[in-house]
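Working notes, beginning with the structure itself.
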Amino acid sequence: MQGVQAAARIQERGHDGRSPLARITTFSVYLFENVMPDPYVFAVMLTFATAILAFSLAPNGSVAHIASAWYSGVFNILTFAFQVVLILVTGYALASAPLVHSVLAKCASLVATARSAVSLTIVIGMIASWINWGFGLVIAGLLAREIAKRVRVDFGWLVAAAYTGFVISTEGLSGSIALSQATPGSALNLAEKMTGHGLPLTETVFARFTLVPVIALFILLPIVFRFTQPSPADSVLVDSERLHAEDQRKQVAKGDGTFGAYLDRAWVLNLLLVAGGSLALGLQWRQKGFGLDINSVIMIFLLLGLVLHWRPVAYVEAIKNAARVTGPMILQYPLYGGIMGIMTATGLAGIISKAFLAFSTARTLPFWTYISSLFITFFVPSGGGHWAIQGPFVLPAAMSLHASLAGTTMAVAIGESVANMIQPFFALPILAIAGISMRRMMGFMLITFIIAFLVFGMSMLFLVPRA
């Protein structure tokens, strides 16, 4: 009954003066709210869909092989899963430090209207996500909360704006595919293994075919998103008092005068740990060369968080608050690991990649690699796992066709970031931070997906040079 009533309201407001884009977005939100399952259920359904496809199409798609591949994949992803959890936890703890939190509050105070709020959120989210995807998710989510305390705005729309910044995450400094190709000796540096040399960031992240669409989206998305604003009748406002109550900082107790309580507040312990961690990080860079991989980013977040929270007990409290956002990811990561295991071991990923490579040329290979990456991301949203599946097929094709290795590599990364706009996996942390359901947000993300799909697609077709 509620769905029928909602549809009737949409029809009644068909001529209410809103832009066509706003009407499309309203209908999209309605569909996602009534059709999309919980992200965990989505992952379960995707698991069975992958198994069925592997059984029907893959060369090694027997029931026993699928079951064995799924079991192995569930546990093979645990190391990477814990790395991602640490990025989110340390990033959240850093963002909740008093200094960083005060900066977010000042940023939130700069806007007075709903439209300016979403534009600012997208801009800051894009900048932060380009620097580091984990930090971008956290910063954007916390900024959305701060703005919602001050401005009357549809919270789903605002949180969607926050997640929109993630669309350029794999094209930035923390993209695992680009970083792995720039890291000598990396297990995922397939370019080095096949050609004898890697791909520096100047040929991937800072190449024209990556920077031009990133800049274009940086301009387009904050503007276009303003015209997707829900009408007052369709808007769902957040309870600002609830947000204030949830964000009330717990005062660190002075303790009971015991030696243990004194150690809990001993800032010198934090500084000693920071000194040791900084030395270890410096030695690592000296031995292997400077680079921002997933481990170094975790270490940087940890060290900065320790400094900004100052006392050990304060940092522990921040970590406790941060850990609550990782629960859904911990539940779903093993499922996606199993899906990746099926895709890899049965040969299903190879079938998808080869289907697009069969009619590619030197000019069109990056574009069709990009399209195939969109499909594969729905089954394998993890960058490293995605590259391990698709890279062994697309790089040899690029070499044989004399296509751009860097362009083909970034096509995989870009396809992942675009598909993530409608794949719920990486949206989980920002939803947990904001305290909103997936269904409410994802309807707005369709607009981001369409715009990013077109902008990056044109770049892959027209800006990638031949080898």
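The values are calculated or read from the model by the stated rules, or taken from the named source; none is laboratory data. Because the structure is predicted, anything quoted here is derived from the model rather than measured. Please note: Cβ atoms are built from the backbone with ideal geometry, for glycine as well, and neighbour counts cover all protein chains shown. In case anyone asks, the SASA skips ligands and DNA or RNA and just uses the protein heavy atoms, side chains included. Shrake-Rupley method; radii C 1.70, N 1.55, O 1.52, S 1.80 Å.
Values computed for the structure shown
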{"item": "Computed over the chain, Kirkwood Rh from alpha-carbon pairs, angstrom", "result": "23.3"}
{"item": "³J(HN,Hα) computed for each position of the range 43-50 - Karplus, 6.51 cos²θ - 1.76 cosθ + 1.60, integer Hz, glycine/proline x", "result": "5, 5, 4, 5, 4, 5, 5, 5"}
{"item": "Label-point separation in nm, Ala233 to Ala362, each point 7 Å along Cα→Cβ", "result": "5.9"}
{"item": "Mean Cα-pair separation over length for the chain, i.e. relative contact order, pairs under 8 Å, 6 or more apart, %", "result": "27"}
{"item": "Total formal charge among the other residues, if their Cβ is under 12 angstrom from that of Leu395, Lys/Arg +1 and Asp/Glu -1", "result": "0"}
{"item": "Carbon and sulfur %, accessible surface of the chain computed with the full protein complex present, 1.4 Å", "result": "69"}
{"item": "Restraint check, Lys106/Lys288; Lys149/Lys320; Lys106/Lys320, Cα-Cα greater than 31 Å", "result": "Lys106/Lys288"}
{"item": "Lys, Arg +1 and Asp, Glu -1 on Cβ, resulting dipole of the range 84-213 about Cα centre, debye, nearest 20", "result": "460"}
{"item": "Contour excess over end-to-end distance, with Cα ends at Ser109 and Ser68 and 0.36 nm allotted per residue", "result": "9.4 nm"}
{"item": "Karplus 3J(HN,Hα) series, Hz, for the range 71-77 with 6.51 cos²θ - 1.76 cosθ + 1.60 (x for Gly, Pro)", "result": "4, 5, x, 4, 9, 5, 8"}
{"item": "In sequence order, calculated HN-Hα J values of the range 343-354 (Karplus, 6.51, -1.76, 1.60; Hz; x Gly/Pro)", "result": "4, 7, 5, 8, x, 5, 5, x, 5, 5, 5, 5"}
{"item": "Added length on full extension, which subtracts the Cα-Cα distance from 0.36 nm per residue, Leu273 to Thr195", "result": "24.0 nm"}
{"item": "Net length gained if the chain between Val44 and Arg152 were fully extended (0.36 nm per residue, minus Cα distance)", "result": "35.2 nm"}
{"item": "Rounded to the nearest 20 debye, dipole of the chain from Cβ charges on Lys, Arg, Asp, Glu", "result": "500"}
{"item": "Geometric extent, Cα atoms of the range 376-417 - Rg, Dmax (angstrom)", "result": "10.1, 29"}
{"item": "Protection proxy ranking of 413-423, 273-283, 181-191 - average other beta-carbon atoms within 10 Å, highest first", "result": "413-423, 181-191, 273-283"}
{"item": "Residues with amide H under 5 Å from that of Ser404, placed H, sequence gap 5 or more", "result": "Ala467"}
{"item": "Accessible area in square angstrom per residue, the range 321-454, 1.4 angstrom probe", "result": "25"}
{"item": "Amide H contacts under 5 Å for Ala362, placed H, 5+ residues apart", "result": "none"}
{"item": "Farthest positive-ward along the chain dipole, Cα basis, beta-carbon charges - from Leu221, Gly277, Gly172", "result": "Leu221"}
{"item": "Thr79 paired with Ser19, simple spin-label distance in nm, labels 7 Å along Cα-to-beta-carbon", "result": "4.8"}
{"item": "Kirkwood hydrodynamic radius of the range 126-219, Cα pairs, Å", "result": "14.6"}
